[in-house]
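Read the structure below first, then the notes.
The numbers here are math on the coordinates, done by the rules we state, and not lab data. Nothing here was measured: the structure is a model prediction, and the numbers come from that model. Cβ sites come from the backbone with ideal geometry, for glycine too, and all protein chains shown count toward neighbours.
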Amino acid sequence: MISLKLVLDKQKINQEGECPIMIKLVHNKMRRFINLFQKVKMEDWDSKRFRLNERLGTLEQRQNKIRVNFYIESEVMKLKKIIMDFELTRAIYTIDDIVKGYYKKSSIVPMYDYINDIILSLERIGKNGNSNVYRETLERLKKFSNKENLTFGEVDYGFLKNFESYLLGRGCKINTVSFYLRTIRSVFNKAIKDGLIEEEYYPFKKITIRKEKTLKRAIYKDDIAALKNLDLMSRPVLDLARDIFLFSFYMRGMSFKDIAFLKVANIVGDRIYYSRQKTAQKLNIKLTDKAMEIILKYNNLSNKGAFIFPIIRFPGRNEFSQYKNGYRKTNQRLKVLGKLLGMSVPLTTYVARHSWASIAKRSGIPTSVISEGLGHDSEKTTQIYLDSFENNVLDDANDLITDI
């Protein structure tokens, strides 16, 4: 006989001190947990009666506890009915059969709660870059729906098409819309794989996620030299943005996010050792004299725990928001610099990364080497960077060949 027990998942406690209520199932030495997507404070939980203490709190809080307790009891009874049906038929069943049967018969699962669980799981294993992808998508969904939560059933074809129109109407580019839709698709795929929802709720069968070819983002050596030589003595804010761009270029196109989170401790001898924020891939790069000159301009390297650059100015206080704010301001200032120099390409931190790759390719360096230098998982990703100038190279080559 399968055993059933209500427990709190204390590993997923949030900032408000709330834990998710789980149903723990044990059968033939196998364990499974069903998330009821209800969060409670431990001091409100009666561990002997396995329910919320309805005598504590204001009238509104007590009424809410009664509602939650009723929901818990109904879900437990639902599971007991499924187990009883299997027992009465005397069929051989597994714990996964019970879980699958529960989700088929249960109400549609709240989607926002499930996304929050994905975020917490990724953060626990140090994948902050991936967790932020889901967090940004969740914030967009909340703004669009104007609801505290949505069920998977509500996020259907019509909802997604309206969401797409909403994003485009607020100035999002096609690739940004693609980013959000692909993340939502990933949430559905995970939920189906986890046995949380049935495939009939999958809304992407008739939706084509569009993508635009990335426009040219690389500039030439002469442009970078002009940027470097620009007199910004009277404009220190623009000077910092310029230095971040140049540092990225000198350090093999290091991303702004990786630069923002660099600490003095990452410098070992004449190299910087760090893990990419996006992929957790470990890289080490030799510090060029020009790169070290920029570092020493902002940091005397006396405090090993300090961030190298003045981007995250208040360590331990919502560092991700500080990084995002720094990223936005740096790109705004770089665009000002690009206009001052009359550049045709809008200058951003990403241009430094693309320019390093493009100049390397023009210098005859193999794509495989460029790919490793950028920290890409495959040459296919690197080729996206290089496609922007490939036609120019071919046009020049054709002019040379056909000049008869």
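Amide H neighbours of ARG51 under 5 Å, counting only residues 5+ apart in sequence or on other chains, H built in-plane at 1.01 Å? Under 5 Å from the amide H of ARG51: ASP46.
Among the listed pairs LYS143/LYS339; LYS39/LYS324; LYS80/LYS147; LYS12/LYS65; LYS127/LYS282; LYS5/LYS100, those whose Cα-Cα separation exceeds 24 Å are LYS143/LYS339; LYS39/LYS324; LYS80/LYS147.
Contact order for region 9-108, expressed relative to its length and based on alpha carbon pairs under 8 Å spaced 6+ residues apart, stands at 20 percent.
Here the chain is treated with +1 on each Lys and Arg Cβ and -1 on each Asp and Glu Cβ, and its dipole about the Cα centre works out to around 960 debye. Take every Cα pair under 8 Å whose residues are at least 6 apart in sequence, average their separation, divide by the length of region 57-153, and the relative contact order is 26 percent.
Here the contact order of the chain, divided by its residue count and restricted to Cα pairs under 8 Å and six or more residues apart, works out to 11 percent.
Using the Karplus relation 6.51 cos²θ - 1.76 cosθ + 1.60 with θ = phi - 60°, the per-residue 3J(HN,Hα) values for region 117-124 come to 5, 4, 4, 5, 5, 5, 5, 5 Hz, with x marking Gly and Pro.
Rounded to the nearest 20 debye, the dipole size of region 248-292 about its Cα centre is 180 debye, using +1 on the Cβ of Lys and Arg and -1 on the Cβ of Asp and Glu.
Each of the peptides 235-247, 340-352 was scored by the mean count of other Cβ atoms within 10 Å over its residues; in descending order, highest first, they stand as 235-247, 340-352.
Sorted from fewest to most neighbouring beta carbons within 10 Å, what does the list CYS172, CYS19 look like? Present the calculation step by step, with values, prior to reporting the outcome.
Details: CYS172 16, CYS19 19.
Fewest to most other Cβ atoms nearby, the residues stand as CYS172, CYS19.
What the phi angles of region 30-36 give under the Karplus curve with 6.51, -1.76 and 1.60, with θ = phi - 60°, is a coupling list of 9, 10, 9, 10, 10, 7, 8 Hz, glycine and proline written as x. Look at the dipole of the chain built from charges on Cβ: of ILE13, VAL109, THR137, the Cα furthest out on the positive end belongs to ILE13.
Ordered by the number of other Cβ atoms lying within 10 Å of each residue's own Cβ, fewest first, PHE314, PHE320 fall into the sequence PHE314, PHE320.
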